[in-house]
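Some notes on the structure that comes next.
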Amino acid sequence: MDRQMKAKELFSGGCNCCQAVFAAFCDETGMTRETALKLSAPFGGGMGRLREVCGAVTAMFMTAGLKYGYTDCADEETKMRHYADIRELARRFENEYGSIICRKLLDLEGKSVDTPVPHGAVSPCGGFVEGAAEILEQWLKEKQNSEK
């Protein structure tokens, strides 16, 4: 099953947006599904339903970090390259959907952060989940090809 379908299936099964995308890439990150679901649990609803950065976008960033992040915190060059990668993923998502901010994506500006949003097929979030998985999968292929 491709990762877009896996992410959609996870979301439809009750996972939040971040969990759905992040767990769909366990084969890339080497993480168990259980660990991936736990680690990404706080980031649904734009960070614990604060409606900040979309959880699907956060999952792209987390996956990119596990694949290509840096461990030498003093290496400014590597850090800047990684941040450029993160900005590129954000740019691609924003170009497709108009924002990376949950409340903007869901047209919740000025409303309570606890304003409920329907889950599943009636929510636009399923599309954001699929789109983030597609963007991330394409970016990972490009990144892998550029390293050859």
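Okay, here's what the table says:
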quantity	calculated
Any hit, the range 109-121, residues being acidic (Asp, Glu), open to solvent by 90 Å² or more (accessible area, probe 1.4 Å) and within 22 Å of residue 15 (Cβ to Cβ)	yes
The range 74-92: number of residues that are in contact (Cβ under 8 Å) with a residue 12 or more places away in the chain and either β-branched (Val, Ile, Thr) or closer than 15 Å to residue 63 by Cα (or both)	6
Exclusive hit being touching a strand residue (DSSP E or B) at 6+ places or on another chain (Cβ under 9 Å) and among the basic types (Lys, Arg), set 91, 81, 51, 87	51
Residues being open to solvent by less than 40 Å² (accessible area, probe 1.4 Å) and touching an Asp or Glu at 6+ places or on another chain (Cβ under 9 Å) - total across the range 5-14	2
Every residue from the range 132-148 that is more than 18 Å from residue 101 (Cα to Cα), of a type outside the set (Lys, Arg) and in a helix (DSSP H, G or I)	134, 137, 138, 139, 140, 142, 144, 145, 146
Filter result for residue 58 (β-branched (Val, Ile, Thr), surrounded by 20 or more Cβ atoms within 10 Å (Cβ to Cβ) and either free of Cβ contacts under 8 Å to residues at least 60 places away in the same chain or out of contact with any strand residue (DSSP E or B) (no Cβ under 7 Å at 6 or more places or on another chain) (or both))	yes
Residues of the range 21-39 classified as over 17 Å from residue 140 (Cβ atoms) and in a helix (DSSP H, G or I), total	6
Test: residue 41 is open to solvent by 20 Å² or more (accessible area, probe 1.4 Å) and under 19 Å from residue 102 (Cα atoms)	yes
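The values are calculated or read from the model by the stated rules, or taken from the named source; none is laboratory data. Every value quoted in this text rests on a predicted model; they were computed, and no experiment measured them. Here Cβ is always computed from backbone atoms with ideal geometry, including for glycine, and neighbour counts include all displayed protein chains. Just the protein is used for accessible areas: all its heavy atoms, side chains included, with ligands, DNA and RNA removed. Shrake-Rupley method; radii C 1.70, N 1.55, O 1.52, S 1.80 Å.
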